[in-house]
Amino acid sequence: GKYRVISTKPMPGTRWINLLIEQDCRVEICTQKKTILSVEDIIALIGDKCDGVIGQLTEDWGDTLFSALSKAGGKAFSNMAVGYNNVDVNAATKYGVAVGNTPGVLTETTAELAASLSLAAARRIVEADEFMRTGLYDGWLPHLFVGNLLKGQTVGVIGAGRIGSAYARMMVEGFKMNLIYYDLYQSTRLEKFFLKANGEQPVTWKRASSMEEVLREADVISLHPILDKTTYHLVNKDSLAVMKKEAILVNCSRGPVIDEVALVEHLKQNPMFRVGLDVFEDEPYMKPGLSEMKNAIVVPHIASASKWTREGMATLAALNVLGKMKGYPVWSDPNRVDLFLDENSPPPA
Ligand code: GLV
Ligand code: GLV
């Protein structure tokens, strides 16, 4: 192969490998046992000549790595993730490395996990499962695992991009919830869905003028912002205090969007408040006390983990890297973290 392309992890499916091989690439996949590669590990992988890298959200793609990649002749990097808070795009641009992410293919899969966590928290499914398995069930009782009915309640969405909008539609259409959303921008993606052609509004929904409005009014709140300086600890002691005592909070975005220490304290003080968390502040760790809380459901960052989506992410990541090397127009502006697909990406076969 003319181009040397590295993937820092084995990725699902074979389509991504074949795409690269067909286009004159030699593909090297790192099979190190250790889960999270350090900057030094990756520098060693890059070596003296490397044209492109597919990396993971657990890796720190900053000045050091982009400098090393650029010295090795590299022109392209793709995160195998939609979020790119682990990537310093300015550093990449400085070294002439184009950066890609993998939006679109994970929208529905991620929204479905947020919906799963919402339902699991509302109906206390994990607690109830543990109760069964530990042999505590000794007969039906009127009070046993009473939870929340979603129908007619209000779902709050913070960050109404692709994923937040897909989640909102699922909860409104599927469970007949009312919607309140907060986003810096009006979400035409979401609003066009709720407006019939004649302007009639078939469901109750509104865009809040502040995040506080969502926190105050919603019964179920799902977080879908990107992580940056402005969303770090967006949910903290003060915002938790504004929420209803029996609210449900779901996070499938990035851990540091929630002040996890404050959350643990809030869960202790408010036994009827429940959370469903896919992401954590210091992955792979949880803040002290979280794992003991019965009113918390915790899963290990699996929101995009469906077979179709993970294969799609790998394929997109390969196309991102290939696109740069082959000069596809999508890369005409290396400063853009581009959207290769949108929510109209093909449905799972
Ligand atoms: C996963 O967390 C992603 O950003 O794709
Ligand atoms: C990311 O895909 C988003 O929700 O905008």
Checklist entry - Using modelled amide H (1.01 Å from N, peptide plane; none on Pro or chain starts), what sits under 5 Å from the amide H of Leu179, excluding residues fewer than 5 places away? => result Val155, Thr204, Trp205, Lys206
Checklist entry - Given 0.36 nm per residue, what is the gain on full extension from Lys49 to Leu136 after removing their alpha carbon distance, in nm? => result 25.3 nm
Checklist entry - In percent, what relative contact order does the range 107-298 have, based on Cα pairs under 8 Å that are 6 or more apart in sequence? => result 21 percent
Next on the checklist: Report, in listed order, any pair from Lys34/Lys287; Lys192/Lys324; Lys34/Lys75; Lys268/Lys307; Lys9/Lys49; Lys206/Lys268 with a Cα-Cα distance greater than 29 Å.
Outcome noted: Lys192/Lys324; Lys268/Lys307; Lys206/Lys268
Item to check | Net charge over other residues, Cβ less than 15 angstrom from the Cβ of Ser210 (K, R count +1; D, E count -1) | outcome: -2
Checklist entry - Taking Cα centroids, how far is the range 276-301 from the range 134-201 in Å? => result 22 Å
Item to check | Estimated dipole of the chain in Debye, rounded to 20 [Cβ of Lys and Arg +1, of Asp and Glu -1, Cα centre] | outcome: 560 debye
Item to check | Karplus 3J(HN,Hα) series, Hz, for the range 161-167 with 6.51 cos²θ - 1.76 cosθ + 1.60 (x for Gly, Pro) | outcome: x, 4, 6, x, 5, 5, 4
Checklist entry - Could you work out the helix-only [θ] at 222 nm for the chain, with each DSSP H run of four or more residues adding -39,500 (n - 2.57) and the total divided by the number of residues, to the nearest 500 deg cm²/dmol? => result -9500 deg cm²/dmol
Next on the checklist: With just the Cα atoms defining each centre, how far is the range 2-80 from the range 211-268? Give it in Å.
Outcome noted: 35 Å
Item to check | Net lengthening on full extension, Asp282/Ser67 (0.36 nm per residue, minus Cα-Cα) | outcome: 74.8 nm
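Taking 0.36 nm per residue of separation and subtracting the Cα-Cα distance, what length does fully extending His233 through Lys245 add?
Numbers: separation 12, 0.36 × 12 = 4.32 nm, distance 1.98 nm.
Extra length available between His233 and Lys245 comes to 2.3 nm.
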Checklist entry - Using a basic spin-label model with each label point 7 Å from the Cα along Cα→Cβ, how many nm lie between Leu144 and Leu184? => result 5.0 nm
Checklist entry - Taking the Cα-to-Cβ direction at Ile125 and at Lys268 and moving 7 Å from each Cα, how far apart do the two end points lie in nm? => result 3.0 nm
Checklist outcome for this item: So the FRET efficiency between Thr93 and Ser209, C-beta based with R0 = 45 Å and rounded to 0.05, is 0.80
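Quick note: the coordinates plus some simple rules give every number you see, no bench work behind them. Here the structure is a predicted model, which means the values were calculated and not measured. When we count neighbours, we look across all protein chains shown, and the Cβ atoms used for this are built from the backbone with ideal geometry, even at glycine.
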